[in-house]
1. Collect the residues in region 125-140 that are more than 14 Å from Ser198 (Cβ to Cβ), buried (at least 22 other Cβ atoms within 10 Å of the Cβ) and not hydroxyl-bearing (Ser, Thr, Tyr), keeping them in residue-number order.
2. Where the second residue is modelled with pLDDT under 95 and open to solvent by 20 Å² or more (accessible area, probe 1.4 Å) and the first is over 23 Å from Thr14 (Cβ atoms) and assigned to a helix (DSSP H, G or I) and lies in region 285-312, which pairs have Cβ atoms under 7 Å and are six or more apart or on separate chains?
3. I'd like the full set of residues that are open to solvent by 70 Å² or more (accessible area, probe 1.4 Å) and outside any helix (DSSP H, G or I), limited to region 1-46.
4. Looking for whichever is assigned to a helix (DSSP H, G or I) and open to solvent by 70 Å² or more (accessible area, probe 1.4 Å) here; the options are Arg105, Arg53. Which one fits?
5. Let me spell it out: the conditions are (1) farther than 18 Å from Glu184 by Cα; (2) of a type in the set (Gly, Ala, Ser); (3) part of a helix (DSSP H, G or I); (4) in contact (Cβ under 8 Å) with a residue 12 or more places away in the chain, and Ser279 meets all of them except one. Which number is the exception?
6. Which of the residues that make up region 185-204 are in contact with a His (Cβ under 7 Å, 6 or more places away or on another chain) and closer than 15 Å to Glu121 by Cβ?
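The values are calculated or read from the model by the stated rules, or taken from the named source; none is laboratory data. These numbers were taken from a predicted model, which means no experiment stands behind them. Every residue, glycine as well, gets a Cβ built from its backbone with ideal geometry; the counts of neighbours run over all protein chains shown. Quick note on the areas: whole protein, heavy atoms, side chains included, nothing else; ligands and nucleic acids left out. Shrake-Rupley method; radii C 1.70, N 1.55, O 1.52, S 1.80 Å.
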Amino acid sequence: RSRQKVVDDLSDTTRRAPYELAIDAMNALTTDNVFGREEVLHEIRNTKEAELRGYLSALRQNGLRVKLLVVGNVGKEPAKALASRLVHRLDFIQNGRHVGGLLKRDQAQRAHALVASRPVEVRMKNPISKDINHATVNSYQYGVPDVSERVKLLLLGKMISNPVYDTLRTKRQLGYIVAAQMSEHVSVLELIVLVQGSKESPDAVDADIEEVLTDFGKSLRSMSRAEFLKWKASVRSSLLQKAQNMGQEADRFWSQIANDGHCFQRKRLALEFLDTLQSAEAVEKVFQALRQGNRKVSVKLFGVGRELEVSVPKSTNNKNNSTVNATAPLMFSVSSINAAQKQRLIKAGTSSYPSGGICSISK
């Protein structure tokens, strides 16, 4: 019964918006330990109870990486006692010797984002039945930033959001869901631009995105110091914003515990570096690095009426000439992402980013 519920949830594509399904496909392709929806469904359907029990038994013997955060009206000593009990329960004795137990950070498996060593394009049919909506999600990988680069990218994310929305949503009315933001993918920061709607094909929307990014780059170069200082004040306000409740406070600490980063001084370092910035020149440099790095990943979902374009890209009247990246993309025309596509990406010369972040100002 439990397995059937999981299968039903994964099979029902209407639970998620097309752009969310596109992001899922992107993560499955560009993360070494993430798998596509159809792959997961296949494995769940074919898993036997005895196999699952055997896996759980071996999991305990091989050891676990456990992370614990205690919040609320629990003192330090009771929290330590709770952690000790957890450690004791995970201690496993076999033939008179200790096996399994807790794994140290360097002993546990960790996720890695894959480097897009050249532009990558994934073309898929919208898996939602009879849905006319398309989705275009473009990711521009920056890499693993130190604290100073993180601050500059945070500024970039704030600056670029409104121009993308105003141009693609308000003026061109390409879709009812339009967004541009900086996003963290394992240890990597990426600029994500997404559009969902039925007005234009994903190929045309991709060209529109590239055009608006080019225009934004021009405006960034001419940004006045007064305007930059307004954006700087906005970022400072965001960094100084205090948690409004216990849940938000717990989330702030847990984000550093969950990824084993333990960079609890990041806010202080970020504020110190932010104070040194006096113009948009530094932000322009990281934006150009995003545009010129040949690390673009684009996922295009085609809705009802444009299914044939999954395998045959439609001409966009050369609007893509505005693209900084001139390298031909590695193309995937697929029904879903699986291990074969990931292996093809790896064989094309990709590598992995380091799994850990940089908790210093080093560049």
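1. Within region 125-140, the first condition is being more than 14 Å from Ser198 (Cβ to Cβ), and the residues that meet it are 125, 127, 129, 137-140.
If we keep only those that are buried (at least 22 other Cβ atoms within 10 Å of the Cβ) as well, we get 137-140.
Scanning region 125-140 gives Val137, Asn138.
2. From region 285-312, the pairs are Arg291/Val324; Gln292/Val324.
3. If the condition is that a residue be open to solvent by 70 Å² or more (accessible area, probe 1.4 Å) and outside any helix (DSSP H, G or I), then Arg1, Arg16, Asn33, Phe35, Asn46 are the ones that fit.
4. None of the others qualify; the one that does is Arg53.
5. (3)
6. Passing the criteria: Ser201, Pro202.
Residues are listed down the side, and each one gets a yes or a no for (1) open to solvent by 70 Å² or more (accessible area, probe 1.4 Å); (2) under 30 Å from Asn73 (Cα atoms):
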| position | (1), (2) |
| --- | --- |
| Thr167 | no, no |
| Gln173 | yes, no |
| Val178 | no, no |
| Leu194 | no, no |
| Lys218 | yes, no |
| Phe228 | no, no |
| Trp231 | no, no |
| Leu240 | yes, yes |
